[in-house]
Structure formats: C-alpha cells, structure tokens
Amino acid sequence: MFGRKVKLRILFISLAFITLILTIFLILKSLEENVVYFQSPSEIRETTELSKKKIRIGGMVKKNSISMNTNQVNFIITDFKNEINVSYMGVLPNLFEEEKGVVAEGYLKDRNFFSATKILAKHDENYMPPEVKEALKEK
C-alpha cells in the first residue's frame with residue numbers, strides 16, 4: 001500500500017513524537033519534585049490537610065520573638081493575623097532581624113510549628129518578597 005520511503009517517514013515521525021512526549025514527561029516529573037509552595041501563616045491555619053512536602057512560609061519576624069541557643073534559633077513568623085513558630089539550625093543571613101520580612105523553607109510539623117531548613121532574607125532593609133507583600137495586603 002505505502003512505499004518504503006513513506007513507511008520510513010512514518011516510523012521516523014512516530015519515534016520523534018514518542019521521544020518528544022517522553023522527554024516532556026520526564027522534565028515535568030523532575031520539576032514536580034522540586035516545586036516548593038509559598039504560604040502565609042493564615043493560609044496554613046485555613047488548610048484542612050497538612051502536607052509532608054517542603055514548603056515556604058513568609059511573613060514578618062515578630063518583635064521580641066528571636067531566641068538563640070548554641071546552634072538553634074527559634075522565632076515567630078507573623079502576617080499580623082496569625083503566627084507560626086519556626087525552629088532553624090544553621091547560619092542566619094546578615095539581614096535577618098526582628099520586624100523584617102523573611103521566607104523560611106522547610107517542613108511543617110503541625111499548624112503551629114515549622115522546622116526550617118533554609119532562611120531567605122537576602123535583601124536590603126526596604127525590600128519585601130512579592131509573595132509576602134501580597135499575603136500581608138490580603139490580611
């Protein structure tokens with residue numbers, strides 16, 4: 001029915017299409033594992049189901065909430081409506097201080113406690129991450 005050239009073209013196009021679909025699937029699967037969702041303390045209070053995935057929590061560091069032990073820092077992130085306690089082990093960025101914007105990346109233990117693996121506060125004193133600014137405006 002079809003000539004040899006037509007069959008080879010159909011085979012080549014089919015293999016190229018399958019390869020393209022497989023490549024896109026693998027890229028999306030890889031990105032899915034590295035996606036980190038941003039939430040405010042109020043959004044965490046409103047969620048019905050707690051996830052074990054890595055998330056980012058943003059807000060302001062509450063005044064007089066920072067307590068430092070030998071190798072652990074505890075503080076409270078607030079969006080002026082709700083608060084969440086954060087525990088972090090590691091070196092803090094130079095610009096981390098009370099009443100400044102911060103984004104903590106890590107794992108939620110429960111609705112009141114967050115274990116941070118990374119603190120993101122690398123900005124000047126006037127800058128606030130867009131996600132934090134939007135969350136504070138909403139609340």
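Here are a few things to note about the model shown:
- If you check Glu83, Glu99 for being in contact with a helix residue (DSSP H, G or I) (Cβ under 8 Å, 6 or more places away or on another chain) and acidic (Asp, Glu), only one passes: Glu83.
- Highlighted here are the strands (runs of 3 or more DSSP E) found entirely within the stretch 1-108 that include at least 1 residues which are at pLDDT 85 or above and hydrophobic (A, V, I, L, M, F, W, C): 55-61, 73-78, 83-88.
- Given (1) closer than 30 Å to Val102 by Cα; (2) among the polar types (S, T, N, Q); (3) surrounded by 10 or more Cβ atoms within 10 Å (Cβ to Cβ); (4) without any contact (Cβ under 8 Å) to a residue 60 or more places away in the chain, number of the condition Ser42 does not satisfy: (4)
- Restricting attention to the stretch 109-121, the residues that are at pLDDT below 90 and either under 21 Å from Asn71 (Cβ atoms) or not in a loop (DSSP other than H, G, I, E, B) (or both) total 4.
- Scanning the stretch 93-110 for residues that are surrounded by fewer than 18 Cβ atoms within 10 Å (Cβ to Cβ) and under 12 Å from Lys52 (Cα atoms) returns Tyr107, Lys109, Asp110.
The values are calculated or read from the model by the stated rules, or taken from the named source; none is laboratory data. Everything numeric here is computed off the predicted structure, so don't read it as measured data. For neighbour counting, all protein chains shown are included, and Cβ atoms are generated from backbone atoms with ideal geometry for every residue, glycine included.
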